[in-house]
Amino acid sequence: MNSIGKYARQIAAELRRNPTKAEAALWTRIRNKQFYGLKFLFQHPIFYKENQKRKFFIADFYCAQIKLIIEIDGDIHKKQIIYDNIRTEIICQKNITVIRFLNKDILDNINHVLIYLKRKIDSL
């Protein structure tokens, strides 16, 4: 494995060991194919090339079967809107759909989030 791949996997593993409350709550509901039989990966590296250099993002949740990323946004995302928009554009260029939820939405009403998520998946 090349060094960028190894580095990405190390970061992903660290993020899996220290999930936010919202990430942990959603993960308990979608892991092990329990959400409509879809296999989601938690804290999964997404690789891309920019200026001939291999780079990556860590997706909160990724389902390769339907090419979907679920991102959970905390307060930090209010300060990095431009970065998030660029990241979403790059991911969409890979024909991967990105759905974003706020931490608060997951913690306050996870059932509503799951209903919304199912509707979005049905429309893919």
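The values are calculated or read from the model by the stated rules, or taken from the named source; none is laboratory data. Worth saying up front: this structure is predicted, and the values here are computed from it rather than measured. Note that we place each Cβ from the backbone using ideal geometry, even for glycine, and neighbour counts take in every protein chain shown. In case anyone asks, the SASA skips ligands and DNA or RNA and just uses the protein heavy atoms, side chains included. Shrake-Rupley method; radii C 1.70, N 1.55, O 1.52, S 1.80 Å.
Tabulated results
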quantity: Residue that is of a type in the set (Val, Ile, Thr) and under 22 Å from Gly5 (Cα atoms), where the choices are Ile81, Ile99, Ile70; calculated: Ile70
quantity: In segment 1-49, residue surrounded by the fewest Cβ atoms within 10 Å (Cβ to Cβ) [restricted to those that are of a type in the set (D, E, K, R) and in contact (Cβ under 8 Å) with a residue 24 or more places away in the chain]; calculated: Lys21
quantity: Members of segment 94-124 that are in contact with a strand residue (DSSP E or B) (Cβ under 8 Å, 6 or more places away or on another chain), assigned to a helix (DSSP H, G or I) and open to solvent by less than 30 Å² (accessible area, probe 1.4 Å); calculated: Ile106, Val113, Leu117, Ile121
